[in-house]
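**Q** Below you will find the structure I want to go over with you.
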Amino acid sequence: MKGVLQAAELMAMSARTAPKATGKDFIEAKILVDEDLIILGKRMIEIGESCGPSFMTRDGNNVIASECALLLGLKEHPALQLHCNGCGFDCKEMESNQTQGPFRGPSCALRLLDLGVALGSAVKTAAILGVDNRIMYSMGVAAVDLGMMESKIVMGIPLSATSKNIYYDRR
């Protein structure tokens, strides 16, 4: 467990130092262990069983079987005022058309790319360290539902170091 937790800390560092549009950082990172990990996994299973999709249940069981996990999220952020319409709106419209759902949106397309680059940097670090992982949308949905982070969009990366990769070698 100690090595996997250290890997999670290094992954969070990789996410933090990943390049960001205009050099402004709206990425939030949180490492989950022990009871928090179990709470998240159980909530994923509840969501999967009550309203689907069915992969939420499968992923929830994977999270419970993990040694720890890293959550990465995109906090509230202003539009960049580039008016690129990448989010589906003009920047002024983006800020006035906030919606609710599993995630709050819309989000600036460049800030979403920041989250993607941070996720890629984190899983690259895990791969270099030989720690099994998988980026999971399902973890983010449950984390937002539980209020585990301030972010409007969250993705999760469960971590494991066993003889078989539990995130890919599954039913």
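None of the figures in this text is laboratory data; all of them are computed from the coordinates on show. Predicted model, so just to flag it, every value in this text is computed and none were measured. Heads up, the Cβs are rebuilt from the backbone with ideal geometry, glycines too, and the neighbour counts pull from every protein chain shown.
**Q** For region 119-164, how many residues meet the condition of being buried (at least 18 other Cβ atoms within 10 Å of the Cβ) and out of contact with any Ser or Thr (no Cβ under 8 Å at 6 or more places or on another chain)?
**A** Matching residues across region 119-164 total 18.
**Q** Find the residue count for region 73-103, including only residues that are in contact with a Phe, Trp or Tyr (Cβ under 8 Å, 6 or more places away or on another chain) and touching a residue at least 12 places away in the same chain (Cβ under 8 Å).
**A** 4
**Q** Looking at Leu82, Leu74, Leu113, which one is of a type in the set (A, V, I, L, M) and buried (at least 17 other Cβ atoms within 10 Å of the Cβ)?
**A** Criteria check complete, one pass: Leu74.
**Q** Report the residue count in region 117-171 for those that are touching a residue at least 12 places away in the same chain (Cβ under 8 Å), out of contact with any strand residue (DSSP E or B) (no Cβ under 6 Å at 6 or more places or on another chain), assigned to a loop (DSSP other than H, G, I, E, B) and of a type in the set (Gly, Ala, Ser).
**A** Total meeting the criteria: 2.
**Q** For residues that are surrounded by fewer than 20 Cβ atoms within 10 Å (Cβ to Cβ), of a type in the set (Val, Ile, Thr) and touching a helix residue (DSSP H, G or I) at 6+ places or on another chain (Cβ under 6 Å), tally how many sit in region 1-37.
**A** 1
**Q** Being of a type in the set (Lys, Arg) and under 15 Å from the mean Cα position of the chain (by Cα) is the filter here, so list the residues in region 3-29 that pass it.
**A** Arg16
**Q** In region 38-66, what residues are crowded, with 18+ Cβ neighbours inside 10 Å and of a type in the set (A, V, I, L, M, F, W, C)?
**A** Leu40, Met44, Ile45, Ile47, Met56, Val63
To keep it simple, each residue is scored yes or no on (1) of a type outside the set (Lys, Arg); (2) more than 21 Å from Ile39 (Cα to Cα).
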{"residue": "Ser96", "(1), (2)": "yes, yes"}
{"residue": "Gly105", "(1), (2)": "yes, yes"}
{"residue": "Leu112", "(1), (2)": "yes, yes"}
{"residue": "Leu115", "(1), (2)": "yes, yes"}
{"residue": "Lys124", "(1), (2)": "no, yes"}
{"residue": "Tyr137", "(1), (2)": "yes, no"}
{"residue": "Val144", "(1), (2)": "yes, no"}
{"residue": "Ser163", "(1), (2)": "yes, yes"}
{"residue": "Tyr167", "(1), (2)": "yes, no"}
